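Asker: Next up is a structure, given as structure tokens.
The values are calculated or read from the model by the stated rules, or taken from the named source; none is laboratory data. What you see is a predicted model; the values in this text were computed from it and never measured. For neighbour counting, all protein chains shown are included, and Cβ atoms are generated from backbone atoms with ideal geometry for every residue, glycine included. Each accessible area value is taken on the protein alone, full model and side chains, heavy atoms only, with ligands, DNA and RNA left out. Shrake-Rupley method; radii C 1.70, N 1.55, O 1.52, S 1.80 Å.
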Amino acid sequence: MGRHFLAVREIGSTNTVALALAALDAPEGSVVVADYQTAGRGRQGRAWLAPPDTALLVSILLRPTGPAERIPQLSLVAGVAVREALALAGVETRLKWPNDILLHGKKVCGILLEAASGPLREPGVVVGIGLNVNQERADFAADLRQRATSLSVATGRAWERETLLMLLLSSMDRWYSTHRREGFAPVREAWLSGSGDLGRWIRVDSRGAGRMVDLGADGALIVETARGGRIEILAGEIEAHAPRR
Ligand code: BTN
């Protein structure tokens, strides 16, 4: 990962550029990083904002060749890889399904997977990672301060983004290869051991609340309702922690 590397000061979105590179037949492992994004995007149509030079904003182009059902699992592969990279940097985080990374219960990193479309020779998936590194508390919008954090807010010191990028790319390399070689099982195991919600009561979108009991063999979130039924959630977002009933 990163043998083809594009680093820019300012860009609309690193994901947009990585998708454009995918259409130009850029090789797997191509990486785009920026110091600042003017149109960074998050999941579910949200904007992803960070002041210049404070965050790690990176997109990695993958060209998965295995069975199609493995592609959505890449989102969990990326979450596990980011968590491992941060652990190697000495920061313990927890995973929130599908792929938010939480530090002291607040979001420190978000991941957005986008499929490259068009007449491509090989399929392409872009993994966009936004890691809050050196933002101060005041850099987050008031409505986000309760829910978002940065490495520097949480640890009280500044971090070097280049070092974190190197750790991140080598963790992605490792976990992507493991997934390609061995399938989802080892990723699922690592994801579950990093989960902050296993056994807790959660609310998912409008689909109700329940206890998170497992991750399916395909990466789906498995929730047990108060009545003892099980629901499998393939896409969506954990909105809140519901009180135990
Ligand atoms: C989320 O909503 O949690 C996902 C956020 C993903 C943000 C990253 S920053 C680098 C890459 N470029 C983008 O425009 N988005 C992703």
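Asker: What is the Cα centroid distance between the stretch 30-61 and the stretch 165-184, reported in whole angstrom?
Answerer: A separation of 21 Å, based on Cα centres.
Asker: Continuing with this model, one more query. Which order, highest average first, do 68-79, 156-167 follow once you tally other Cβ atoms within 10 Å for each residue and take the mean per peptide?
Answerer: Going by the mean number of other Cβ atoms within 10 Å, highest first, we get 68-79, 156-167.
Asker: Let me ask you something else. Give me the one-decimal Kirkwood hydrodynamic radius in Å for the stretch 59-206, with the sum taken over alpha-carbon pairs.
Answerer: 16.2
Asker: Percent of accessible area on the stretch 1-139 owned by carbon and sulfur, 1.4 Å probe?
Answerer: Answer for the stretch 1-139 is 54 percent, counting heavy atoms of protein chains only.
Asker: When each pair of different Cα atoms in the stretch 143-243 is counted once in the 1/r mean, what is the Kirkwood radius in angstroms, to one decimal?
Answerer: It is 16.1 Å.
Asker: So with the 1.4 Å probe, I'd like the accessible area per residue for the stretch 14-70, rounded to whole Å².
Answerer: 43
Asker: Right, next: Starting from the 7 Å offset along Cα-to-Cβ, what nm value, one decimal, do you get for the label separation of E162 and E239?
Answerer: 4.5
Asker: First compute the accessible area of the stretch 201-240 with a 1.4 Å probe, then give the percent of it belonging to carbon and sulfur atoms.
Answerer: 46
Asker: What does the accessible area per residue of the stretch 201-240 come to in Å², with a 1.4 Å probe and no ligands, DNA or RNA counted?
Answerer: 49
Asker: Please work out the Cα center distance from the stretch 64-86 to the stretch 201-239, rounded to the nearest Å.
Answerer: For the stretch 64-86 versus the stretch 201-239, the Cα centre distance is 20 Å.
Asker: Okay, moving on. For the stretch 132-145, what does the Karplus curve 6.51 cos²θ - 1.76 cosθ + 1.60, with θ = phi - 60°, yield as ³J(HN,Hα) per residue in whole Hz, taken in order and with x for Gly and Pro?
Answerer: For the stretch 132-145, the Karplus-derived couplings read 6, 10, 10, 5, 8, 3, 5, 6, 8, 4, 3, 6, 9, 4 Hz, x marking Gly and Pro.
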